[in-house]
Each structure stands twice: as C-alpha cells, then as structure tokens.
Amino acid sequence: MWIFESSGRMPFDDMKLVVPNGNIKLTVSYQNGIVAAVNGKTFASKEHDITLTGLVDVPVILDVDEDAVTETIGIEFSPQGAYRFFHFTLNDIQNQIYSLSDVLGNIGKRLTEQINNTTLRQQKINLLQQFLFKQLSLHNEDLIFEYCIKKITASKGKITIKELEKKTGYSSRWLNVKFNDKLGVSPKNLCSIIRFKQYYQALINGNEKLFPRNDFYELYYDQSHFIKDFKRFTGLSPTKLEKQTNNFGESYYRD
C-alpha cells in the first residue's frame, strides 16, 4: 500500500513514465484524480472513485487530472495473490483501468460510497482492509498457479514454459489459460516483465548504469534481446531514456 500526494501537476519536463512491474493496482482517488495514457488510450481515475488497473505490460504515462492538490491511496497486488481478491477473468482488464463499480457491481459501489462518506485517511484505509479481507476469504488457493508464479519469481523470469510443463505435469496450453484467467497475461509474458524488473529496479536505485553488467545479460540471450525488451517496457531506446527526467515515474515504481 502507498500514498501519493502532490500540490499540483508534475513538472513539464518530467516524463512521468511508469514501467510495468507485474502488479495489479487498486487506486482510491479521494482528492483530485489521476490520468493515465496506456497503449494510445486515456484512462481516468476520477476524484471520489475507486479504480482497478489490470496487469500492464506496456509503458504508462501518469499525471494528475487537475492542477490542484492531489491525494491518492494505492494498493498493489502481487502476481501470485491478485486472483484471490478479484473473482473474474483478469485478462478482461489487462492494460486497462476500470471503475471498481463497473467490475464488481454493487459490491464496488457500496465500498466507494463508504469510503466517500469518511473524512480521515486512516478510516478509508481501514475500510479498504476490511473489504480486502472479506474478498480474500471468498476464494480458495490455486496451488498449481501459485507454484508457477513462485518458480518464475525465484528464477528472475528465466524459467521456460517447457520447464514449467515438466515441473507441473500440465501442458503449455493449460498453463496459458490458467494465467490469463488468474493474472491477465501468459507465463511467458510475465517472465519478460519480471526479467526486466530486475534490471530496472537496480537502475532507478542507482546501483546500475544504463547498460547492464554481465550478470544482467544472463537474463537475456544477448544485448539485442535486452534492448528489445527495454523499448517494449519503456517506449524508448536506452540512450534516449538516459537523456530524460523521470523522477515521478521512478518514485512511483520503487519497492
């Protein structure tokens, strides 16, 4: 869980680029709203609304809606656990942002009304926690799916689908259906996101130069493979990104 506060719009020269991190996000915009550009489409997390962002595998540009004071509560769900809270096919919201009322109906509307009727931030957080605990209790664990996520994470995205087939005894087709249902993307796609996350996290933490050390190349076939993923997840080549200011996006991404 995180809190975002701003006195107004982000600086004009800041890219406001948010790179995929493999998490599904719930956002409560209780003062001002947030606007996101995703895949050429514009989505708004409007003031006094709760929105759910599906797993994103493309670069996102974020900014506040109005040039005014902004306060937002955000909750991120790991690939392993998101399905326990949202009981529908998560591929339906991949790379998209929806009002919680649209995806959960009356349950989402009721939570939104309850949160809007409170004034203190801690009260809003308490309501969110109660809602999530209830959602969690309604859905059983999927041990095979969670096992696969653990293997992908532990391998830093290097494990192959064939290896997952051998370890689980299930076909790649079955695994793809399972992942699309409970996460929104294929296991191969998630591996790409997790692989790049290792590098990008080190980069924004100041532990890495723009081009990775040899140990990062172990995550990729070669430099061209790395650059291809770099462009896919940031929208720019490494040399172009190096010339940009992205303080907001980096702060948003930090663990």
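The figures follow:
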item: Helical contribution to [θ] at 222 nm, DSSP H n ≥ 4, -39,500 (n - 2.57), averaged over the chain, rounded to 500; result: -12500 deg cm²/dmol
item: Where labels lie 7 Å past Cα in the beta-carbon direction, separation of residue 48 and residue 7 in nm; result: 2.7
item: Residue 166 versus residue 144: modelled label distance in nm, points set 7 Å from Cα along the beta carbon direction; result: 1.9
item: Rounded to 5, the percent of DSSP beta bridges in the chain classed as antiparallel; result: 95
item: Segment residue 63-residue 89, extension gain: residue separation times 0.36 nm, minus the distance between their alpha carbons; result: 6.5 nm
item: Neighbour-count ranking [beta-carbon atoms within 10 angstrom, fewest first] of 253, 170, 220; result: 170, 253, 220
item: Exposure proxy order (Cβ contacts within 10 Å, fewest to most) of 83, 221, 252; result: 221, 252, 83
item: Among (1) 53, 46, 29; (2) 64, 42, 37; (3) 64, 43, 29, the entry derived from the coordinates for Cα extents along the principal axes in Å; result: (1)
item: Chain lengthening between residue 136 and residue 243 when straightened (0.36 nm per residue, less Cα-Cα); result: 34.2 nm
item: Ranked 203, 183, criterion: other C-beta atoms within 10 Å, fewest first; result: 203, 183
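Read the figures in this text as sums done on the coordinates, not as results from a lab. Since the structure is predicted, the reported quantities are computational estimates derived from the model, not experimental observations. All Cβ positions, even for glycine, are placed from backbone atoms using ideal geometry, and neighbour counts span all protein chains on display.
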